[in-house]
1. Contour minus end-to-end for B:Lys51 and B:Thr151, with contour as 0.36 nm per residue of separation and end-to-end as the Cα-Cα distance?
2. Suppose every Lys and Arg Cβ carries +1 and every Asp and Glu Cβ carries -1, with no other charges. What dipole size does segment B:408-457 come out with about its Cα centre, to the nearest 20 debye?
3. Of the options A:Val88, A:Val68, A:Val265, report the single residue whose Cα projects farthest towards the positive end of the charge dipole of segment A:24-319 (beta-carbon charges: Lys, Arg +1; Asp, Glu -1).
4. Counting Lys +1, Arg +1, Asp -1, Glu -1, what net charge surrounds B:Pro392 among other residues with beta carbon under 10 Å of its beta carbon?
5. With a cut-off of 8 Å between alpha carbons and a minimum separation of six or more residues, what is the relative contact order of chain A in percent?
6. Between rounded, prolate and oblate, where does segment A:24-319 land on the alpha carbon gyration tensor, with a ≥ b ≥ c its root eigenvalues, rounded for a/c under 1.5, else prolate if a/b exceeds b/c?
7. Hand me the tally of lysine pairs in segment B:24-319: alpha carbons under 17 angstrom apart, and the pair either on different chains or 8 or more positions apart.
8. Classify segment A:46-115 from the C-alpha gyration tensor, please: rounded if a/c falls under 1.5, else prolate or oblate depending on whether a/b exceeds b/c.
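Since every read-out is calculated from the coordinates, none of them should be taken as a lab result. Treat the numbers as computed from the prediction; the structure is a model and nothing was measured. In this analysis, Cβ positions are derived from the backbone assuming ideal geometry, glycine residues included, and neighbour counts consider all displayed protein chains.
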Number of protein chains: 2
Amino acid sequence: MSQFSKTFQRFTSTYTSKSIPSKAHHHVPIPDSAFPKGYLLNGIHAGVKKKPDVLDVGVILSQRPASVAACFTRNAFKAAPVIVSQEVLEKGGGRARGIVVNSGCANAVTGTQGMQDAWAMVRATDVLLEEPPSDGHSETLVMSTGVIGQTLPIAKILAGIKSLSTSQLGSGFDAWERAAQAFMTTDTFPKLRARTFTIRGKEFRLAGMDKGAGMIHPDMGPPSTPAQLHATLLGCILTDASVSPRSLQTALTYAVDRSFNSISVDGDMSTNDTIIVMANGAAAEGLPEIDEASDREAYEVFKEELTSFAADLAKLVVRDGEGATKFVTISVEGAANYADAHKVASRISTSALVKTALFGEDANWGRILAATGSIPLSTPLDPTRVSVSFVPIDGTAPLPLLVNGEPEKVDEARASQIIGQEDLEIRVELGLGAESAKYWTCDFSYEYVRINGDYRT
Amino acid sequence: MSQFSKTFQRFTSTYTSKSIPSKAHHHVPIPDSAFPKGYLLNGIHAGVKKKPDVLDVGVILSQRPASVAACFTRNAFKAAPVIVSQEVLEKGGGRARGIVVNSGCANAVTGTQGMQDAWAMVRATDVLLEEPPSDGHSETLVMSTGVIGQTLPIAKILAGIKSLSTSQLGSGFDAWERAAQAFMTTDTFPKLRARTFTIRGKEFRLAGMDKGAGMIHPDMGPPSTPAQLHATLLGCILTDASVSPRSLQTALTYAVDRSFNSISVDGDMSTNDTIIVMANGAAAEGLPEIDEASDREAYEVFKEELTSFAADLAKLVVRDGEGATKFVTISVEGAANYADAHKVASRISTSALVKTALFGEDANWGRILAATGSIPLSTPLDPTRVSVSFVPIDGTAPLPLLVNGEPEKVDEARASQIIGQEDLEIRVELGLGAESAKYWTCDFSYEYVRINGDYRT
């Protein structure tokens, strides 16, 4: 009996940890000219959050009619803003001009009051549009993030939106940055990116912002899916290209599967997850709308740009995951099909044992293997064909840990060197086919436990 | 930009936590007379573990021919002892007499050497049987637990088994306790229980032991299932009733679904999970074997006793989960079918956000709801029918948090009082039918991160 009484001596009540790396440098200034044309934005402190000067309401307006598409969480518990946004999207036939967002309160599981509040935010933002819709329909989509089960301080929010007359909206970096800040909850930096792309020599711009931190394991589908949500991943992507609503939705659905639906911070799916894309054609004067049916080549270029840009935004969420000290790419290759590859990558990404080993910088490939083997696949695994390696991001040679099911004699010093970096890739080769998938995940630290053991207080 | 630079001030490198409650009192002495007759056991220090005097090899022998049944992990990566045990079980037609176990090394992903070592353990134990099998077949099942990817120190283990001549095996509490101790890895107490049950006035005994701590989210099936494993849940249950091999397997499969397959510590499925049951009939002299086909009534009594006893053993694993400060029962009621109820209970049990909220004693029912809604069910959820409550274990009234989809005005003091207890039940009513399922889980603490961020070193 002395064996287990001794064991208790290891329980102390203080845990000392390496510190969480600062992530502030991932927020970078962007030249005003890099942002898509024809959008006005701002972010303000309306008073949802207690701390003064912390931005909590953001508004994004297109100065022209725009196509819009969205993906929403598949959670069975839809937050009010999700239900309302889906309705606006449907009734508008894929056309809308406004986006309003608040942080600090998710307006989820808030019953009738929550629905009224979400509609009130939409209507207050409609009024800010250059020619407000007059026939009773709305052109604004709404997003909320924060605590579940509390109603919004709606009077404060409406007063805040009202104060945003056109003169207080902007189109330069400052305005985009303030809007991005209004999305933040436990995020430690605003997530804002822009890029330029070219179709047949004509230049267009994409800009986007998102937020995450916790309750991040999205599974979002287009609104035709029984979309149901209560989520903490919010994002929007704006472009000055012109794209038909139908092709915008198809491209977004494809992009979201390979970006936001391929990240995990803690494996928990939110009730509010929403990604909105808007295309206002401000740089496409005189050009036809990009559409898959009429010009497949232009559509493919746009779809690939959107997917790659969405992945950039999604990775920022993982980079800033609650308590994260590591940014880890999980590459699953040699699968019989994409769904199998995606499933395995998702399972490894959510394994508490893999994630704590990453935090501890322990090259424990056995846990990677156990996670890999723990889910049923359409084509069953053959252990003798599975290989696992660590891939350093500095371009030096990968380190094989397991080759065709047999453990390698691992150079532990080299393994520690690779896993000691902030960025790391874990590659799993299944040996069953030619399909692959990537997932992006982070580690599991004391800080994650602290943040989430003490979130509401 | 000042917003997020300020945010970084909250990152410190020291975390102070309430201490992990001592669990030593869950190990209790058991009178010698409570153990099933006809078994001899011991546990020794063979040297798999470095610390002297820590037991790491255990042996359990039936003095009579016995029926045996087992459930193995469904992980695609089977550890060598799992493959070997399955073969012994099959070739023996459900008859066996010996069990040998080691802790400290899982003998998983160890290739040809691993298979040889597992067979060597089996054969060395066969020799200890009263009339060793002589026709080349084996009557011993083998289990291993510990680090993955390292080969066993097989010479030490074989020498240890050899030293266990009959005179050093016992049948009283001391012997059972030493065998239970040999199962332990990060467990803080040996898990050993016994009970008596009666069929038609005749008394029989059940005793069992198990181990867990981490990599605990078993999904085990009978060997006819493509059973595949690499696990850290090991257990065995011994009885002196007489049961046919076929009915013993049927009863065990039913029991495991409602016990070991309904617990989670960290959501990770092991490659070695194994539960073995042995029935030697030592107290059934002159009575026929219990069999479902010939005597359904006796079979049902046995099955229910086995299920309830297996649940007792399974709960001990959760109680002693790595870093656990809480023991939480997740009850899902009103489901359309058992599979849906079990799925929802499993999802809530593995939610990192629910588990960290439990650690932080935060009555954050929104996270329970988000987890509930995050998986597809055969009968889709209707949010307006879902209710959630906390059920205190002291018999006082449950505290409703959500009723038919509407949040209650919660008495936070009362909620804190309930969640402040070590034991707690979370009840989720789906309002879709009459089926229910229970899961047992624990919280997610700094200590879990510490143990698993630093396991191999």
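1. Numbers: separation 100, 0.36 × 100 = 36.00 nm, distance 1.84 nm.
Computed gain between B:Lys51 and B:Thr151 is 34.2 nm.
2. In total the dipole reaches around 160 debye.
3. A:Val265
4. Numbers: positive: B:Arg414; negative: B:Asp394, B:Asp423, B:Glu425.
Combined, the nearby Lys, Arg, Asp and Glu give -2.
5. On the way: 1136 pairs, mean separation 76.7, N = 457.
The value is 17 percent.
6. Working: a/c = 1.34, a/b = 1.26, b/c = 1.06.
Rounded is the answer for segment A:24-319, as its axis ratio a/c remains below 1.5.
7. Here the count comes out as 9.
8. Values: a/c = 2.53, a/b = 1.23, b/c = 2.06.
Since a/c reaches 1.5 but b/c is at least a/b, the shape of segment A:46-115 is classed as oblate.
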